[in-house]
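Notes for the one structure printed next.
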Amino acid sequence: MTERIAELRRFFVEQRAHHAARQPARDAQELARIFAQGAAPDVQRAAQRHSRMLALEMPVIFPQERLVFTRTNPTLLALFTPQEMDALRRAHTLHEQGEVCNICVDYTRLMDVGLQAAKDSLLQRAQHEHGEKAAYLRLQADILTAILELARRYHDLAVQEGRDDIARMLSRVPAYAPTTFPEALQMFRILHFAMWLGGNYHNTVGRFDQFMYPYFAADMQSGLLSRDAALEWIQEFFLTFNRDSDLYSGMQQGDNGQSLMLGGLNPDGTDSSNELTELCLTASLKLRLIDPKINLRVHKNTPLSLYRLGSELTRQGLGFPQYANDEVVIPALIRYGYEPADAYNYTVAACWEFIIPGRGMDIPNIGAISLAGAVQQAVAQELMACDTFDDLLQAVRRNIHEQVHSTLDSLCNVYLFPAPYLSLMMDGCAQAGQDVSLGCKYNNYGLHGTGLSTAVDALAAVRAWVYGDGSIAKQQLLNALATDYADCPDLLARLRFDAPKMGNNDPLADDLAVLLLDAFADAVDGLRNERGGIIRAGTGSAMYYLWHANDLPATADGRRAGEALAANYSPSLFARLKGPVSILQSFAKPDLGRVCNGGPLTLELHDTMLRNDQAVAKVAQLVKSYMDMGGHQLQLNAINRDTLLEARENPGAHRNLIVRVWGWSGYFVELDPEYQDHIISRTEHAV
Amino acid sequence: MTGIIFDIHQGAVHDGPGIRQTVFLKGCPLRCQWCHNPEGLSPEPELLVSTQGCTGCGRCMQVCPQAALGVVGNRARHCTACGQCVSACSQRIRRIAGEQLTAHELAQRLMEDAAFYRSVGGGVTFSGGEPLLQADFVLETLSLLPPDVHTAVETSGQGSSEAFARFAQAFDWIMLDMKAMDDDIHHRYTGSSNANILANARLLCQGDTPFVVRIPVIPGVNDTNAHYRAVAELVHGAPALQGVELLPYHRTAGAKYAMAGRAYRPSFDAEQPVFINQDIFTQYGIRSRVL
């Protein structure tokens, strides 16, 4: 890290000195009230709000920075008044906050031509259209005008402050297509910055090392750029993701979806990773920041050196990279109906859901079913009536089926706020002048399935001791569950600690995981959503693992009511496991290509396992081994329980401690206590 | 034949080449003051009780046949490691360290994941305790593993030269501890002379089995240039030497003593930082690294 980058990191991340340039908070309803009075149509609101947000920005240039654009207005103006929102929620299913989010746009659609040409083209097309379509194109042009105008104000400030390098860059981008790698980075910064101002969130970065490579390679070849200079640019660029992120909406600070994908398999079987891939990993390694969140696509020809660089990142305790296995994911996406060329181009949404840049308006996190709940309900209500374990499994399958259907039924009439700016970077929408909120090439839904390991362990215990050796009578178990094990500590301990557990490479548990995930896949198979898409089942949990756990009564694995479920695709929190190898083996057994919405196995490694270079190389091998076994997605944490406990007591001394939460990394001390506790309890597994 | 082990550790990354499974043999002739595996010392099964999570319900001592002879905390003064309290504990914080099993059983268990460890360039490591103390058991287990399983042993070298020579013959990789080159210091901190160990080290230096020398670096005991130089002097030029590994003392070494019902009372100053000097090894042309 150069002194300049170190200085910028101190300025933006540690001192947050740029916050001094922020304007006071505004009345978030100031526009919504006017819109409501005029009963403005939603498209008009979205475009006008966007232009207004851009106009409210005050250019600011900080010492030593070379990539500009920093948020100064902290308030996102609402599109609708609270009363209007209530009415919308009554009439529709609003996904999360209502804004288009969690997709990956194709930045090259604007980068390749520049905003001036894009705007001219919109206005020209508007002349040949009529009515709503013409109005829509003009509104899109207005947004681009507002971005160009803000860029002009930045340019003028740069001139005024004698920052010639910045002024030169801004006289090129974003109006015209970038001609150099630094210009491309500045252009991306502006495009991405503008997305947040449009109210959109979980704005992912996509396959950065692919679409940026031409700029990088050209500069390297012409000698304009050295490796060190490129690294410095990338580091400064990565820093831009950490400037305004406290203003981005998410469940928690850090949950902002700025995922960046690297590497991957080409359709011809070659590996797409390049020098830029490696530089991005190196940049992140040195910066030690939670954004952008690094994802790495791997396949059987991925060089071990890339795994090794990834493991170096893990060693830093960042909670990423997260690995996705092309050998499983690409065929799965093709089976789901994605065109092969698109499947090969997949990236991840904010957390881990597999989506297609520029083509997917999938809502991969639209809902979740509780696998643990399906088992709990079957045991509590139907155990007496089930003469065989197979009968009980049938009941579980029925419950999964019912949960899938009731979840989807509750999601009818989905409404998303228009996103005219994002639509410019989505295939089909851009050409047709159609808003992406209404759909794009792919409009699939994804359902998470929470509490898999709890569900498996509960079934395994029932099979072994209720139907197997009969050492637990049905009524005895039901009484224990109904009373939350209040009067039977022995039974509780036996179920909790002595029964077969998923994660021990024990067939007595693992075959049930295979079966449950197949049942989940079967339940969504052939279903269609109202947008014409399919339903993808997945192994993720997002924050549902907390919500579902709160509502879940005692389960037959010895889990008491309200006790936590594991996040994503992970062993139960109190299972005593043999070690990392058996965890990988257990979690590779299910047919993950059938439940490929996304959702990683999380492997918690004690940080001593990464304490020297040789050990890091071995961890890289361990990661590769999971992929070789057929794992779909893996994320590792290097943690030290003592450090976490100490940080909870003494947050001031651990401001920089980074942990993975469910699909993103955040600063431990900034998390709500319940998340902190969950992460600490997760470390029981550290192996 | 039968042996006794206290753990099989998965995914070990510091116990030899590649990723390995490590078998911990129970029983050790040395009493190193910094030992972090106190349950590896005695060759008999023993009770371990976690210091965290006890609810004080008292069930353990209700079922304990030895409780009548006196109880300290939540364990019997004259515990026979019968194990009755283990399943009585509702928190499962008690366990018996020390599983007796035959070489066949152990080999079979190691074979379960042998293909995995082979695929990641690893294998099986025998550690302890002291494997030399159960040399026949270890060697029989080894003979039952297919030849493509890479085998390593981590030993203090404290055992007969005859057993040591058989180890050197049978194993693919040997990790030999060098705790103190000065016999007085060795005696003071490990309870034994180093004469045997040095003899075995010389044997290793003359042979062709790949080996590394490991130095547990203990503050104020052996973290001196004199020790580093003496080790380098002893092993340099050995054709099969793969390098020297330095394992700095860590303050968590004492963590398991309370679980084993023992007190951790090292006579060295455990708070003192350790002195590391790899230059000496470089001067002797020996590769060294800190683990």
Show which lysines lie in cross-link reach of A:Lys119 when reach means a straight Cα distance below 20 angstrom and same-chain residues fewer than eight apart are skipped. A:Lys133
Which trypsin sites (Lys or Arg not before Pro) does segment A:222-293 hold that lie in a coil by DSSP with at most 15 other beta carbons within 10 Å? A:Arg288
A:Thr2-A:His130 pseudo-label distance in nm [points 7 Å out on the Cα-to-Cβ vector]: 5.8
To the nearest 0.05, how large is the calculated FRET efficiency for A:Asp112 and A:Leu438 if R₀ is 25 Å and r is the Cβ-Cβ distance? 0.50
Equivalent ellipsoid semi-axes, the protein assembly as shown, via Cα gyration tensor eigenvalues times 5, rooted, Å: 54, 36, 24
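With the radius of gyration and the Kirkwood radius both derived from the Cα set of segment B:54-97, what is their ratio Rg to Rh?
On the way: Rg = 9.3 Å, Rh = 10.3 Å.
Radius of gyration relative to Kirkwood radius: 0.90.
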Convex hull of segment B:84-167 built on C-alpha atoms - directionally averaged projected area, nm²: 7.4
Label model pair B:Asp148, A:Asp165: point-to-point distance (7 angstrom along the Cα→beta-carbon line) in nm is 5.7
So the FRET efficiency between B:Thr252 and A:Ala55, C-beta based with R0 = 51 Å and rounded to 0.05, is 0.30
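Please state the charge dipole magnitude for segment A:617-678, taken about the Cα centre, from unit charges on C-beta atoms (+1 on K and R, -1 on D and E), reported in debye and rounded to the nearest 20. Let's see the in-between values first.
Details: 6 positive and 8 negative charges, 74 e Å.
Here segment A:617-678 has a charge dipole of around 360 debye.
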Take the Cα pairs of segment A:274-352, get the Kirkwood Rh, then feed it into Stokes-Einstein at 20 °C and 1.002 mPa s and tell me D in µm²/s. 159
Taking the Cα atoms of segment A:137-177 alone, what are Rg (to one decimal) and Dmax (as a whole number) in Å? 11.4, 37
Would you work out which of B:Tyr284, B:Asn200, A:Leu392 lies farthest towards the positive end of the dipole of the protein assembly as shown, given +1 charges on the beta-carbon of Lys and Arg and -1 on that of Asp and Glu, about the Cα centre? B:Tyr284
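How big is D for segment A:62-166, in µm² s⁻¹ as a whole number, if Stokes-Einstein is applied with the Kirkwood radius of its Cα pairs at 20 °C and 1.002 mPa s? All intermediate terms of the calculation are to be shown ahead of the outcome.
Working: Rh = 17.4 Å.
For these conditions, the coefficient is 123 µm²/s.
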Considering the convex hull of the alpha carbon atoms of segment A:539-589, report its projected area averaged over all viewing directions, in nm², one decimal. 3.9
In 5 Å bins starting at zero, report the fraction of Cα pairs in chain B per bin as a rounded %. 1, 5, 11, 15, 16, 16, 13, 10, 6, 3, 2, 1, 0
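Mind pulling up the Rg/Rh value for segment B:136-242? Radius of gyration and Kirkwood radius, both on Cα. Each step should come with its number before you reach the end.
Numbers: Rg = 14.3 Å, Rh = 14.5 Å.
Radius of gyration over Kirkwood radius for segment B:136-242 works out to 0.99.
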Identify which of B:Val86, B:Val217, B:Val244 has the largest mean-square fluctuation in a Gaussian network model of chain B, with springs joining Cα atoms closer than 10 Å. B:Val86
In segment A:383-460, taking the dipole from +1 charges on Lys and Arg beta carbons and -1 charges on Asp and Glu beta carbons about the Cα centre, the listed residue (A:Met426, A:His401, A:Tyr415) farthest towards the positive end is A:Met426
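Find the Cα radius of gyration of segment A:469-539, compare it with 2.2 N^0.38 Å by division, and give the number to two decimals.
On the way: Rg = 18.0 Å, N = 71, 2.2 N^0.38 = 11.1 Å.
The reported ratio for this selection is 1.62.
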Straight-line reach from A:Lys589: which lysines have a Cα under 24 Å away, not including same-chain ones fewer than 8 places off? A:Lys300, A:Lys501, A:Lys578, A:Lys618, A:Lys624
With a cut-off of 18 Å, note down the residues of segment A:288-317 whose backbone N falls inside the zone around a label point 7 Å from the Cα of A:Asp613 toward its beta carbon. A:304-316
Would you mind checking the tilt of helix A:326-336 against the longest principal axis of the Cα atoms of chain A, expressed as 0 to 90 degrees and rounded to 10? 90
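Across every pair of different alpha-carbon atoms, what Kirkwood hydrodynamic radius in Å does segment A:338-414 reach? Present the calculation step by step, with values, prior to reporting the outcome.
Numbers: mean 1/r = 0.0663 Å⁻¹.
About 15.1 Å for segment A:338-414.
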Suppose every Lys and Arg Cβ carries +1 and every Asp and Glu Cβ carries -1, with no other charges. What dipole size does the protein assembly as shown come out with about its Cα centre, to the nearest 20 debye? 1020
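Which FRET efficiency value, to the nearest 0.05, do you get for A:Arg655 and B:Cys57 by plugging their Cβ-Cβ distance into 1/(1 + (r/R0)^6) with R0 = 30 Å? Please report the intermediate quantities before stating the final value.
Details: r = 41 Å, r/R0 = 1.36.
Here the calculated transfer efficiency is 0.15.
How much length, in nm to one decimal, is gained on full extension between A:Glu402 and A:Arg89, taken as 0.36 nm per residue of separation minus their Cα-Cα distance? Intermediate values should be presented prior to the final figure.
Numbers: separation 313, 0.36 × 313 = 112.68 nm, distance 2.41 nm.
110.3 nm is the gain from fully extending A:Glu402 to A:Arg89.
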What is the spin-label model distance, in nm, from B:Ala68 to B:Glu105 if the labels are put 7 Å beyond Cα along the C-beta direction? 3.1
Candidates B:Val235, B:Val13, B:Val124: whichever shows maximal mean-square fluctuation once chain B is modelled as a Gaussian network with Cα springs under 10 Å: B:Val13
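Given only helices, namely DSSP H runs of n ≥ 4 each adding -39500 (n - 2.57), what is the per-residue ellipticity at 222 nm of the protein assembly as shown, to the nearest 500 deg cm²/dmol?
Helix contribution divided over all residues of the protein assembly as shown: -12000 deg cm²/dmol.
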GNM on chain B, C-alpha springs below 10 Å: top fluctuator among B:His78, B:His186, B:His236? B:His78
Could you pull out which residues in segment B:192-209 have an amide N less than 15 Å from a spot 7 Å beyond the Cα of B:Gln242, following the Cα-Cβ vector? B:205, B:208-209
Name all residues of segment B:125-166 having a backbone nitrogen under 20 Å from the label point set 7 Å from the Cα of B:Arg262 along its Cα→Cβ direction, giving them as ranges. B:127-135, B:154-159
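Longest segment of chain B with no trypsin sites (Lys or Arg not before Pro) in a DSSP loop having at most 12 other Cβ atoms within 10 Å? Present the calculation step by step, with values, prior to reporting the outcome.
Values: sites that count: B:Arg31, B:Arg77.
Answer from the scan: B:78-291.
Values in this text are rule-based calculations from the coordinates and carry no lab data. Note that the structure is a prediction, hence the values are computed from the model and not measured. Using ideal geometry, Cβ is built from the backbone for each residue, glycine included, and neighbour counts are taken over all protein chains shown.
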